[in-house]
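Here is the structure we will look at, set down as C-alpha cells.
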Amino acid sequence: ALRATLGSVLVGTAYVSYKLYRESNPAPQKPQAATFDNGSPRKTLVILGSGWGSVSLLKNLDTTLYNVVVVSPRNYFLFTPLLPSTPVGTIELKSIVEPVRSIARRSPGEVIYYEAEATDIDPTEKTLKIKSISKDDTEMDLKYDYLVVGVGAQPTTFGIPGVFENASFLKEIPDAQEIRIKMMNNIEKAASLSPNDPERKRLLNFVVVGGGPTGVEFAAELQDYIDQDLSKWMPVLSKELKVTLVEALPNILNMFDKTLVEYAQDLFKQEKIDLKLKTMVKNVTPTTITAKSGDNLEEIPYGILVWATGNAPRDVTKKLMGKMESQNSRRGLLINDKLQLLGAEDSVWAVGDCTFYPGLFPTAQVAHQEGEYLASVLRKQYKIDQLKWQMVQNSNASETAKVKAKVDKLQGQIKPFKYNHQGALAYIGSEKAIADLAIGESKYQLAGSWTFLFWKSAYLGMCLSFRNRILVALDWAKVSFFGRDSSV
Ligand code: FAD
Ligand code: NAI
C-alpha cells in the first residue's frame, strides 16, 4: 500500500511539474508582419478587453492568421466566479488572476498588448482611440480591419442617490480589496467601543443590496467567515455582527428553480442572515440606507454596504451606441445571431456583457462560448480573405467564378452562434451550494453539501490555467487547515 501511495504521489508530482513547465515555457511565436508568405496582406484584428469573452477568443484563436492587438485597462484575466470568496480570504486574489501577457505568450502568433482603455470607436473609418493607463493617460489612434468588442459592463446604481459615493461594488480586484479593508477596520473600530454604544452596532451591520447571485454568494461567504473564523478570535463581537441582504423582488436568485430558491432562503434563515425581501433601496447616506417595503420607509444604519444590483453599459459602449442609428437599445450593443454588431456587420463583432441579445444572459458561460465561436468564425474569415485576395490577383474569369463559389461556400459555413446552457451554480454558505443543471432537454436541481463539492470541482475545471487550478485548490486546503486570516 505504501509503495502504491508513493507511486501515485510521484506520478502526480511529475504530472503537475510537466503541466506547469509547459505553461511557463511556451513555444516560440511567429512574429507579426504586414503580409503573409504569399504576399497577401495580413489583417489587423483588435480585441478590446481581457475578460471572459475576449480571453476565450484569444485562447482559441490561431493568432498566426492576423496581426492581433489586445487593448485592455486590466492587464490580467479575472476568474469572476470566485471573486465573492476573496474579501473574506477564502480565496487569495492572486489565485484567480492570469496575466494577459502570459495568455498572449502561449498563443502561436505574436500578440501586441496595450494596457489602455478604448475611449472612442469609429466604425466607419475603422479606427479607435485608446488611452494609456500606464503612460499618464497618453492617447493613441489604432486602425483595425476587424474589431472584437468585449469590454464587459459596469455596476449599475439605477441613479439611486448616494450609492456611488458610499457603497462598495464587487466586480473587480480593487473592489474586493476595498471591502476587505473596510471590513477589518470596522471590526477593529467596533471592538474599541463599549457594547452599548449604538455606533458599535452600526459598524457591525454589513448590508448587501441585490439578491442576485453576486449578492447572495458574498452574503454567504461573509456569514461563513463570522461563524467559522471570527467566532474563534472575537467570540463576543462575532455574535453582534449582522449580515443583511436586501432584495427588491419577492425572492432572491430569480434565475434559479423555485425549489432551489426556497432551499437557499431557508438556509439563510438558519444562518441568521437577515433577508429583507420586497424591499427596495431608495437612498443612501454615509451611515444609513433608506429602503421602501410596501408603504413603509425604513432607515437601516450600516457599517459596510456592498451594492450588487446588476450591470449597466460602459461609457465607451454608450458612445458607440450613440453613433449608430441601428443601435437603439439602452441595455447594450445590439448584435445579430453571428455576434456581428448591427450597423457594422462587415468588421465588428461584440461579445459578453457589453451586448444585448434576447436569450443570452450576462454570464461568464455565455461570454466564454461566444469567444470560442468567434475564434472559429475568424478562422473561416481568414480563408475567405485569402480567396478574395486570389480573386483580385486573378484576371481569368472562369478561375474567378470558381474562387467566388468557394467564398460563398465558406460564408455559408459560418453558422449562427448557438448557446449551450449547461446550468447555473451558486454557493449559499455553510459549505452548501445549489445547482440548476441542464443536460440536453432535461433539467436537474441539486442542493446541499455534495453540490458544494460539485461546485468546487466545476470551478476548478473552469479555471483558466493549471497554475490557477493549483492555487485555488491550495487556498481551499489552507482554509480547511488553518481557517481564514483576520488581518487586512
Ligand atoms: P468582463 O469579464 O467583465 O471583461 C471585460 C474586460 O474589458 C475587462 O478586462 C475590462 O478591464 C475591459 N475593459 C473595460 N473597459 C474597457 C475599455 N474601455 N476598453 C478596453 N477594455 C475595457 N458568470 C457565470 O456564468 N458564473 C458565475 O459564477 C459568475 N460569477 C460572477 C461573480 C461575480 C462577483 C461577478 C461580478 C460576475 C460573475 N459572473 C458569473 C458574470 C461574469 O463574470 C460576466 O458575465 C463575464 O465576466 C462577462 O464577460 P465579458 O468578457 O463580457 O466581461
Ligand atoms: P442580478 O442582476 O442578477 O441581480 C440584481 C438583483 O438586485 C435583482 O434581484 C434585483 O431585483 C435587485 N435590485 C435591483 N435594484 C435594487 C434595489 N434598489 N434595492 C434592492 N434590490 C435591488 O445582478 P448580479 O448578482 O450582480 O449578477 C450580474 C450577472 O452576473 C447576472 O447575469 C448573473 O447571472 C451573473 N452572475 C452569475 C453568478 C453565478 O452563476 N453563480 C454569480 C454572480 C453573477
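The values are calculated or read from the model by the stated rules, or taken from the named source; none is laboratory data. These figures come from a predicted structure and were not determined experimentally. Note that we place each Cβ from the backbone using ideal geometry, even for glycine, and neighbour counts take in every protein chain shown.
Write out, first by first residue and then by second, each pair whose Cβ atoms fall under 9 Å of each other, whose residues are 6+ apart or on separate chains, and whose first residue, in the stretch 191-212, is within 23 Å of LYS292 (Cα to Cα) and away from ligand 2 (no atom under 16 Å from the Cβ) while the second is assigned to a helix (DSSP H, G or I) and acidic (Asp, Glu).
Here the result reads LYS201/GLU240; LEU204/GLU240, each pair linking the stretch 191-212 to a residue that is assigned to a helix (DSSP H, G or I) and acidic (Asp, Glu).
Find all pairs meeting these conditions: Cβ atoms under 9 angstrom apart; at least six residues apart or on different chains; first residue within the stretch 453-468 and in contact (Cβ under 8 Å) with a residue 12 or more places away in the chain and among the hydrophobic types (A, V, I, L, M, F, W, C); second residue buried (at least 16 other Cβ atoms within 10 Å of the Cβ) and assigned to a loop (DSSP other than H, G, I, E, B).
These pairs meet every condition: MET462/PHE79; CYS463/PHE79; LEU464/PHE79.
Give the residue that is nearest to ligand 1 (Cβ to nearest atom), with candidates limited to residues of the stretch 349-388 that are β-branched (Val, Ile, Thr) and more than 18 Å from the chain's Cα centre (by Cα).
If we take residues in the stretch 349-388 being β-branched (Val, Ile, Thr) and more than 18 Å from the chain's Cα centre (by Cα), then VAL377 is nearest to ligand 1 (Cβ to nearest atom).
What do you reckon, is SER95 of a type outside the set (D, E, K, R), modelled with pLDDT of 95 or more and either in a strand (DSSP E or B) or more than 30 Å from PHE481 (Cα to Cα) (or both)?
no
Looking at the stretch 353-370, is at least one residue under 27 Å from LYS406 (Cα atoms) and outside the structural domain of LEU193 (by TED's automatic domain parsing)?
yes
Go through ILE181, ILE187, ILE252 for me and flag whichever is away from ligand 2 (no atom under 16 Å from the Cβ) and in contact with a Leu (Cβ under 9 Å, 6 or more places away or on another chain).
ILE187
Out of the stretch 112-132, which residues are loosely packed, with under 15 Cβ neighbours inside 10 Å and outside any strand (DSSP E or B)?
The answer is THR124, GLU125.
If I filter the stretch 229-249 for residues that are part of a loop (DSSP other than H, G, I, E, B), over 30 Å from the mean Cα position of the chain (by Cα) and either within 12 Å of ligand 2 (Cβ to nearest atom) or not hydroxyl-bearing (Ser, Thr, Tyr) (or both), do I get at least one hit?
Within the stretch 229-249 (the criterion being part of a loop (DSSP other than H, G, I, E, B), over 30 Å from the mean Cα position of the chain (by Cα) and either within 12 Å of ligand 2 (Cβ to nearest atom) or not hydroxyl-bearing (Ser, Thr, Tyr) (or both)), the answer is yes, since at least one residue qualifies.
Evaluate the stretch 12-20: report whether one residue or more is free of Cβ contacts under 8 Å to residues at least 60 places away in the same chain, of a type in the set (Val, Ile, Thr) and under 26 Å from GLN390 (Cβ atoms).
No, every residue in the stretch 12-20 fails to be free of Cβ contacts under 8 Å to residues at least 60 places away in the same chain, of a type in the set (Val, Ile, Thr) and under 26 Å from GLN390 (Cβ atoms).
I'd like the full set of residues that are within 26 Å of the chain's Cα centre (by Cα), at pLDDT 95 or above and surrounded by fewer than 18 Cβ atoms within 10 Å (Cβ to Cβ), limited to the stretch 133-156.
GLN154, THR156
Considering only the stretch 120-161, state which residues are touching a helix residue (DSSP H, G or I) at 6+ places or on another chain (Cβ under 8 Å) and of a type in the set (Ser, Thr, Tyr).
TYR146, THR157
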